[in-house]
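Right, one structure below, let's go through it.
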Amino acid sequence: MMAQSPLPRGGGNHQVIPLPYPHILVQSKKKLHGWWEGKRECTSERLLVNPYNGCSINCFFCYVHALPGYFRLFRERGIITVCKDFDKEVGRQLDSLRVASCGYLSPVTDPFQGIDERYSLSLKIIREFVRRNIPIEFITKAPIPKEAIELLRSQKHSFGQVSILTLDEGLRQNLMEEGATTGELFDNLTRLARAGLHSVCRIDPIIPFLTDNDRELAELVRRAVGSGANHIVASILDIPLSMAKGMWQRFSSLGIEYDLRKLYQERMGNSLHAQIDYRKRVFDRLREVCERLGVTFALCMEYELREGRPIGLNRVFMSSTNCEGIDIPIYVKRDGLFQPAGGCNGACLTCKSPICGIGELAMGREENHRQSFTLQDYRRWSQRIEAPELI
Ligand code: SF4
Ligand code: SF4
């Protein structure tokens, strides 16, 4: 049954389809793109692709609640926007390139949230990447479909990340509306590892006074590693000012508002952060546990202010070359198929010698100040890349 419904700004006059979740279908030609403008800690380049706006897993702390455009529809009305047949558009865009970085499927919503069972856009987009031999990765809190794992294993550098915040299933259910059970999340890690894929566990974010107990975090890491994870990523919850009111109410109902208000004294840009000493202490212990268990460790978007400037903490805490614990070279098209560029470890953020031939990408060079790239940049590089001998 279709319901006609006036939608807020950004929703147009689309019909709301009520099942399996209220959603609208839009035709989108939005472009693949690199990381967003702003302070960057991600070492590797990615081609970001978002088939859905809105996420029915609905973690209360998710920054999807702060995003503009169609995300407002989700925030105000719980309506997910689905980019109909977006896989075809992604395929067309990939065909316009001769140089590509690893894809990052659905960076701002969960790729395998419930609506994907109906439209399978995530699976179809993964297929567009791997059939061209371009790697792709995702982060999920949902069960990973078997077909997705089958597709990923056919591409050398593709991998998956699973977000696990707590071992306590009751608490997990309190933090989000849907998503895989704790047991299924660990099983995701095992299924990735058994398929021979790089398997990452993300404790991202850790919520102070709720999920930050040292012993429990160590146990979470132990169980993740025992399940097949070979890399751990962590961060501590930020409070975006635009979401602060709702979040404080939630913290109050969880009984941690008083302690959090004392801890969240640092402001960077438009968010509040836990005090730096607290954050460093948690990261020290986690890194120690990872070292003991023989897996690598990195942080996601963690900074400290030095003389008023945010400086990334990964330079102190990361034990891998790239944030996700896997070195994925840039891919260059040769004889109709994309191939990894030899000698490239994919760490563009720190790279000083762009043997790929794309000087702009080597952000470790002093003369390079730009850190976010567009499809147009990839097309420009594609026209001039002449380095097949590097492959
Ligand atoms: S699963 Fe990810 S994208 Fe979805 S609400 Fe939670 S944090 Fe946001
Ligand atoms: S050679 Fe350096 S700049 Fe070029 S893709 Fe690899 S890491 Fe990035």
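The values are calculated or read from the model by the stated rules, or taken from the named source; none is laboratory data. All figures in this text were calculated on a predicted structure; none of them were measured in a lab. Every residue, glycine as well, gets a Cβ built from its backbone with ideal geometry; the counts of neighbours run over all protein chains shown.
Taking the criterion of being more than 8 Å from ligand 2 (Cβ to nearest atom) and more than 17 Å from the chain's Cα centre (by Cα), the residues of the stretch 319-333 that qualify are S319, S320, T321, Y331, V332, K333. Only one of the numbered conditions (1) at pLDDT 95 or above; (2) in contact with a Leu (Cβ under 7 Å, 6 or more places away or on another chain) is violated by K262, and that is (2).
One line per residue, one yes/no per condition, for (1) among the polar types (S, T, N, Q); (2) farther than 26 Å from I139 by Cα:
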| site | (1), (2) |
| --- | --- |
| S319 | yes, no |
| V332 | no, no |
| P340 | no, no |
| I355 | no, yes |
| I358 | no, yes |
| E366 | no, yes |
| Q371 | yes, no |
| T374 | yes, no |
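Please work out which residue is surrounded by the fewest Cβ atoms within 10 Å (Cβ to Cβ), limiting yourself to the stretch 12-64 and to residues that are more than 16 Å from the chain's Cα centre (by Cα) and not in a loop (DSSP other than H, G, I, E, B). My answer is L25.
Suppose we keep only residues that are outside any loop (DSSP other than H, G, I, E, B) and modelled with pLDDT of 95 or more within the stretch 334-359. Which one would you say is nearest to ligand 2 (Cβ to nearest atom)? Lay out the reasoning, then the answer.
Step one: list which residues in the stretch 334-359 are outside any loop (DSSP other than H, G, I, E, B), which gives 334, 337-340, 359.
Add one more test, that the residue is modelled with pLDDT of 95 or more, and what stays is 338-340.
On the way: F338: 13, Q339: 13, P340: 10 Å.
For the stretch 334-359, the residue satisfying everything is P340.
Does the stretch 367-375 contain any residue that is in a loop (DSSP other than H, G, I, E, B), without any contact (Cβ under 8 Å) to a residue 40 or more places away in the chain and surrounded by 15 or more Cβ atoms within 10 Å (Cβ to Cβ)? Among the residues of the stretch 367-375, at least one is in a loop (DSSP other than H, G, I, E, B), without any contact (Cβ under 8 Å) to a residue 40 or more places away in the chain and surrounded by 15 or more Cβ atoms within 10 Å (Cβ to Cβ), which makes the answer yes. Which of the residues that make up the stretch 193-208 are crowded, with 22+ Cβ neighbours inside 10 Å and out of contact with any Leu (no Cβ under 8 Å at 6 or more places or on another chain)? Listed by number, the residues that qualify are V200, R202. Going by the conditions given, is P111 within 16 Å of ligand 1 (Cβ to nearest atom) and farther than 27 Å from P68 by Cβ? Against the criterion (within 16 Å of ligand 1 (Cβ to nearest atom) and farther than 27 Å from P68 by Cβ), P111 does not qualify.
Please count how many residues of the stretch 249-266 are among the aromatic types (F, W, Y) and in a helix (DSSP H, G or I). Spell out how you get there, then give the answer.
Step one: list which residues in the stretch 249-266 are among the aromatic types (F, W, Y), which gives 251, 258, 264.
Retained after the next criterion (residues that are in a helix (DSSP H, G or I)): 251, 258.
Number of matching residues: 2.
If you check E178 against the conditions, is it closer than 30 Å to D259 by Cα and touching a Ser or Thr at 6+ places or on another chain (Cβ under 6 Å)? Yes: the conditions hold for E178.
All conditions in (1) within 16 Å of ligand 1 (Cβ to nearest atom); (2) in a helix (DSSP H, G or I); (3) in contact with a Phe, Trp or Tyr (Cβ under 9 Å, 6 or more places away or on another chain) hold for E76, with the sole exception of (3). Looking at R315, R279, R309, just one residue is over 21 Å from N230 (Cβ atoms), more than 16 Å from ligand 2 (Cβ to nearest atom) and surrounded by 20 or more Cβ atoms within 10 Å (Cβ to Cβ), and that residue is R279.
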